[in-house]
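Beneath this line is the structure, given in C-alpha cells, with notes to follow.
The values are calculated or read from the model by the stated rules, or taken from the named source; none is laboratory data. This structure is a prediction, so every number in the text was calculated from the model and none was measured. Here the Cβ positions follow ideal geometry from the backbone for every residue, glycine too, while neighbour counts run over all protein chains shown.
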Amino acid sequence: MKKKVLIIENDDDIRNIVDFILAEVGFSTLSIPEPQTLAEILQFEPHVILVDEYINSKPGHRLCLKIKHDVMLKHIPVIVLSTANNIELIATECNANDYLSKPFDVHEMVEKVIRVLDNQSLII
C-alpha cells in the first residue's frame, strides 16, 4: 500500500511540483490550497501532511496546531514549509514533526517525508 501525503500549499506551482515529485517517488498524494475543515483532512487519511506557513486565509501553524490537538489527526506527522526566517521556531511552537525552509532541496524534502514516516511507525 502506498503511503499517502497531503500537501497543503496555496501556491499552485509549488503545490504541483511537490505533488509531482512525491508521486514520482511512489507516494499517493492529494494537494489542496487549503482544507475547509479538519474532516477534509481526515477523509484522505494521510500518513503525513505538508503544510505551508502562508496559506490563503490563515497561518499554516494554526492549522498545524488544530491537527495536533485533534484526537483523530494528532498522530499524523506534519512538516511545515515556509520562507519565514523563524520557521524552526514556528514548527516547534505548533508541534510539527519537522520543517522545510523554502526554497528547499527536492532530495531533502523526500528524505524528510520518509524520515517522519519511519518515525511514525515507531510511535504507532
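Name the residues in region 3-56 that are touching a residue at least 60 places away in the same chain (Cβ under 8 Å) and in a helix (DSSP H, G or I), would you?
To start, the set of residues in region 3-56 that are touching a residue at least 60 places away in the same chain (Cβ under 8 Å) comprises 3, 5, 9, 14, 18, 21-22, 25, 27, 47-48, 50.
Answer for region 3-56, where residues must be touching a residue at least 60 places away in the same chain (Cβ under 8 Å) and in a helix (DSSP H, G or I): Ile14, Val18, Ile21, Leu22.
Tell me yes or no: at least one residue of region 89-100 is surrounded by fewer than 16 Cβ atoms within 10 Å (Cβ to Cβ), closer than 22 Å to Lys3 by Cβ and of a type outside the set (A, V, I, L, M, F, W, C). Explain how you work it out, then say what you get.
Initial filter on region 89-100 (surrounded by fewer than 16 Cβ atoms within 10 Å (Cβ to Cβ)): 89, 92-93, 95.
From what is left, the residues that are closer than 22 Å to Lys3 by Cβ are 95.
This time we only want the ones that are of a type outside the set (A, V, I, L, M, F, W, C), so: 95.
Looking through region 89-100, at least one residue is surrounded by fewer than 16 Cβ atoms within 10 Å (Cβ to Cβ), closer than 22 Å to Lys3 by Cβ and of a type outside the set (A, V, I, L, M, F, W, C).
Is it the case that Leu65 is modelled with pLDDT of 95 or more and not in a helix (DSSP H, G or I)? Show your work before the answer.
Working: modelled with pLDDT of 95 or more: yes; not in a helix (DSSP H, G or I): no.
No: the conditions fail for Leu65.
Could you please let me know if Leu50 is in contact with a helix residue (DSSP H, G or I) (Cβ under 6 Å, 6 or more places away or on another chain) and surrounded by 15 or more Cβ atoms within 10 Å (Cβ to Cβ)? Lay out the reasoning, then the answer.
On the way: in contact with a helix residue (DSSP H, G or I) (Cβ under 6 Å, 6 or more places away or on another chain): no; surrounded by 15 or more Cβ atoms within 10 Å (Cβ to Cβ): yes.
Spelling it out, it is not the case that Leu50 is in contact with a helix residue (DSSP H, G or I) (Cβ under 6 Å, 6 or more places away or on another chain) and surrounded by 15 or more Cβ atoms within 10 Å (Cβ to Cβ).
Filter region 74-88 down to the residues that are crowded, with 19+ Cβ neighbours inside 10 Å and not in a strand (DSSP E or B), then identify the one that is farthest from the chain's Cα centre (by Cα). Spell out how you get there, then give the answer.
Within region 74-88, the subset crowded, with 19+ Cβ neighbours inside 10 Å is 76-82, 84, 87.
Still in the running and not in a strand (DSSP E or B): 76-77, 84, 87.
Values: Ile76: 9, Pro77: 8, Ala84: 16, Ile87: 14 Å.
Per the criteria, the residue is Ala84.
Filter region 69-98 for residues that are within 16 Å of Tyr54 (Cβ to Cβ) and among the hydroxyl-bearing types (Ser, Thr, Tyr) and give the result.
Correct list: Ser82, Thr83.
From the set of residues in region 1-29 that are in contact with an Asp or Glu (Cβ under 8 Å, 6 or more places away or on another chain) and either among the acidic types (Asp, Glu) or within 15 Å of Ile67 (Cβ to Cβ) (or both), which is surrounded by the most Cβ atoms within 10 Å (Cβ to Cβ)? Talk me through it step by step, then tell me what you get.
Here is the first cut: in region 1-29, the residues in contact with an Asp or Glu (Cβ under 8 Å, 6 or more places away or on another chain) are 4, 7-11, 14-15, 18, 29.
Still in the running and either among the acidic types (Asp, Glu) or within 15 Å of Ile67 (Cβ to Cβ) (or both): 4, 7-9, 11.
Details: Lys4: 17, Ile7: 25, Ile8: 27, Glu9: 24, Asp11: 15.
By that ranking, first place goes to Ile8.
I need the full set of residues from region 89-121 which are outside any helix (DSSP H, G or I), more than 21 Å from Asn16 (Cα to Cα) and over 10 Å from the mean Cα position of the chain (by Cα), in order please.
Residues satisfying the conditions are Cys94, Asn95.
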